[in-house]
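Working notes for the structure below.
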Amino acid sequence: HKTSIKIKALILQSDEYYMNNKDVRNSIIESATAFFSKFGFQKTTMDEIAKNLHKAKGVLYYYFKSKEELYSEVLRKELDEVRSELTKIIDSDLSSLRKMESYFLMRFKLLNRATHYHETLRADFFEKYHFVQPVRDDFEKFDRNCLTHILNQGVKENMISINNIPAA
């Protein structure tokens, strides 16, 4: 009886450690990314992700309320990497036309590799899983802001003539 109490205490201490460790959240996201990439959203389970990490499923739910929330975070992280690369182009000293060309080429290249973003573009996925909409909206807003910046720069350089660039 005392042995089982000690084991339960050790399990609780172990779970406390995992729940307070900042690296755990990132390891969950990394593992989920691999599973979602290989099997897709529908066929991936929280059990599989937890087993892969050698953690109790409760640890995953401590950080993410649902599989949907975890998937949204995986998608957000993927798009943040795209955003980071595109921001480098926007912040560069290139002329507006070279910037636009570089932006679109890099955007297509990066989004072509963005597995989770592609999955959310499928009509059947989006119809069933509206939870990705805020992440998609956020990226689309970023994209519009970048394009507005490039167009405004082009107008200032007298390289582009536009009467009315809508605000992003």
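The values are calculated or read from the model by the stated rules, or taken from the named source; none is laboratory data. Everything numeric in this text was worked out from a predicted model, so none of it was measured. Cβ placement follows ideal geometry from the backbone for every residue including glycine, while neighbour counts extend to all protein chains displayed. In case anyone asks, the SASA skips ligands and DNA or RNA and just uses the protein heavy atoms, side chains included. Shrake-Rupley method; radii C 1.70, N 1.55, O 1.52, S 1.80 Å.
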- Note on the structure: Over region 149-159, the set of residues open to solvent by 30 Å² or more (accessible area, probe 1.4 Å) and either touching a residue at least 60 places away in the same chain (Cβ under 8 Å) or part of a helix (DSSP H, G or I) (or both) is His149, Leu151, Asn152, Gln153, Val155, Lys156, Glu157, Met159
- Is it the case that region 22-44 has a residue that's assigned to a helix (DSSP H, G or I) and more than 22 Å from the chain's Cα centre (by Cα)? no
- Task: Take region 50-66 and flag every residue that is hydrophobic (A, V, I, L, M, F, W, C) and either open to solvent by 60 Å² or more (accessible area, probe 1.4 Å) or over 18 Å from Val132 (Cβ atoms) (or both).
- Result: Ala50, Leu53, Ala56, Val59, Leu60
- Unique match (being open to solvent by less than 70 Å² (accessible area, probe 1.4 Å), modelled with pLDDT of 90 or more and in contact with a Pro (Cβ under 9 Å, 6 or more places away or on another chain)) among Ser72, Ser102, Ser96: Ser72
- Item | Close pairs (6 angstrom Cβ cut-off, 6 or more residues apart or separate chains): of a type in the set (Val, Ile, Thr) in region 43-64, not in a loop (DSSP other than H, G, I, E, B) anywhere | Thr44/Phe35; Thr44/Phe36; Ile49/Ser31; Ile49/Ala32; Ile49/Phe35; Val59/Tyr18
- Answer with yes or no whether Tyr117 is at pLDDT 90 or above and either open to solvent by less than 30 Å² (accessible area, probe 1.4 Å) or of a type in the set (A, V, I, L, M, F, W, C) (or both). no
- Note on the structure: Residue hits (region 77-93; surrounded by 12 or more Cβ atoms within 10 Å (Cβ to Cβ) and either of a type in the set (Gly, Ala, Ser) or not in a helix (DSSP H, G or I) (or both)) are Ser92
- Message: For region 13-46, give me each residue that is among the hydroxyl-bearing types (Ser, Thr, Tyr), modelled with pLDDT under 90 and within 24 Å of Thr115 (Cα to Cα).
- Response: Ser37
- Query: Which of the residues belonging to region 72-83 are over 19 Å from Thr148 (Cβ atoms) and either touching a strand residue (DSSP E or B) at 6+ places or on another chain (Cβ under 8 Å) or of a type outside the set (Asp, Glu) (or both)?
  - Reply: Ser72, Val74, Leu75, Arg76, Lys77
